[in-house]
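In what follows, a single structure is set out as structure tokens and then discussed.
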Amino acid sequence: MVDENKQKNKREQWKKKVMDNLKREAVKNIIARTGDLARLDAKVNHTYTVYIKDGRMIKQPTNGKCVVINGKIQN
């Protein structure tokens, strides 16, 4: 039982170290690339992307014309 607790504590410490080492810029890059990939995927599949901007849900087809969906988003 003691060994299990030690292993669990070591895992938790390792997770904390990994999260602490993850830089904010790296997260921003991942988010930006995810958005780019979503746009590319929508173009290939002839669909649209949906995202939130300034508290509004936006639907953007591949032709670039944005459409507001449902007005304002509640926080």
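Using the crude model of +1 on Lys and Arg Cβ and -1 on Asp and Glu Cβ, and no other charge, please compute the dipole size for the chain relative to its Cα centre, in debye to 20. Write down the numbers at each step before the final one.
Numbers: 18 positive and 8 negative charges, 30 e Å.
Value, rounded to 20: 140 debye.
Once the Cβ-Cβ distance between residue 69 and residue 11 is put in as r, and R0 is 35 Å, what FRET efficiency do you end up with, to the nearest 0.05?
Values: r = 42 Å, r/R0 = 1.20.
Efficiency computed from Cβ-Cβ geometry: 0.25.
What pairs in 10/53; 16/53; 28/65 have C-alpha atoms more than 29 Å from each other? Display every interim value, and only then the final one.
Working: 10/53 40 Å; 16/53 32 Å; 28/65 25 Å.
Pairs exceeding the cut-off: 10/53; 16/53.
On the protein heavy atoms, probe 1.4 angstrom, tell me the percent of accessible surface of the chain carried by carbon and sulfur.
54 percent
Of the options 40, 29, 63, report the single residue whose Cα projects farthest towards the positive end of the charge dipole of the chain (beta-carbon charges: Lys, Arg +1; Asp, Glu -1).
Checked the options; the winner is 29.
Regarding the chain, what are the three Cα extents along the principal axes, ordered largest first, in Å?
In descending order, the Cα extents are 60, 31, 24 Å.
Output ³J(HN,Hα) for the stretch 40-57: one whole-Hz value per residue in order, computed from phi by the Karplus curve 6.51 cos²θ - 1.76 cosθ + 1.60 with θ = phi - 60°, and x for Gly and Pro.
Values, residue by residue: 5, 4, 5, 5, 5, 9, 6, 10, 9, 10, 10, 8, 10, 9, 6, x, 10, 7 Hz.
For helix 2-21, report the angle its Cα long axis makes with the longest principal axis of the Cα atoms of the chain; keep it between 0 and 90° and round to the nearest 10°.
Roughly 40 degrees between the two axes.
The values are calculated or read from the model by the stated rules, or taken from the named source; none is laboratory data. Since we're looking at a predicted model, the values are computed, not measured. Glycine gets a Cβ as well: all are built from the backbone with ideal geometry, and neighbour counts include every protein chain shown. When the accessible area is computed, the model is the full protein with side chains, heavy atoms only, and any ligands, DNA or RNA have been set aside. Shrake-Rupley method; radii C 1.70, N 1.55, O 1.52, S 1.80 Å.
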